[in-house]
């Protein structure tokens, strides 16, 4: 299976990368980094818009030369076609520690397929230079032969939630 990752660039644009599903995941987070995600309603229909809520275990943003943010991955039911996958929800780039993030999970163009979907929330840390994510760069970042700036690590798995479509 291939997963599409969207990475916000330091120049205000976005980069889309297709990667094996194993790279989309990450290590489990410690108990203090868990976000306790929930999806409402728990059961819906083909055109239901679900709402994902989770608690920010740490504030997203810039710390030194690292951007921290949360991204949400919605996994389609087992043996379901690619058309059952929704557009990836927007990442969370701002907020305060302890606050609640609310994300709308909109159905794919053809509607949700029947079955159980799983949503995983990842805490991402991306090495960076320049302005915070979402703002225009004033200068180009230096290029190093040792690493690729702006490419996130696998991330920390901060929790999962499920919803069912009937």
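Taking the condition more than 13 Å from the chain's Cα centre (by Cα) and modelled with pLDDT under 80, does residue 5 pass?
On the way: more than 13 Å from the chain's Cα centre (by Cα): no; modelled with pLDDT under 80: yes.
So residue 5 does not fit the description; no.
For residue 71, the stated conditions hold: it is modelled with pLDDT of 95 or more, within 14 Å of residue 119 (Cα to Cα) and under 15 Å from the mean Cα position of the chain (by Cα). Scanning segment 115-124 turns up no residue that is in contact with a helix residue (DSSP H, G or I) (Cβ under 7 Å, 6 or more places away or on another chain), surrounded by 14 or more Cβ atoms within 10 Å (Cβ to Cβ), more than 14 Å from residue 69 (Cβ to Cβ) and at pLDDT 95 or above.
The values are calculated or read from the model by the stated rules, or taken from the named source; none is laboratory data. Small disclaimer: the values here were computed from a predicted structure and weren't measured. For neighbour counting, all protein chains shown are included, and Cβ atoms are generated from backbone atoms with ideal geometry for every residue, glycine included.
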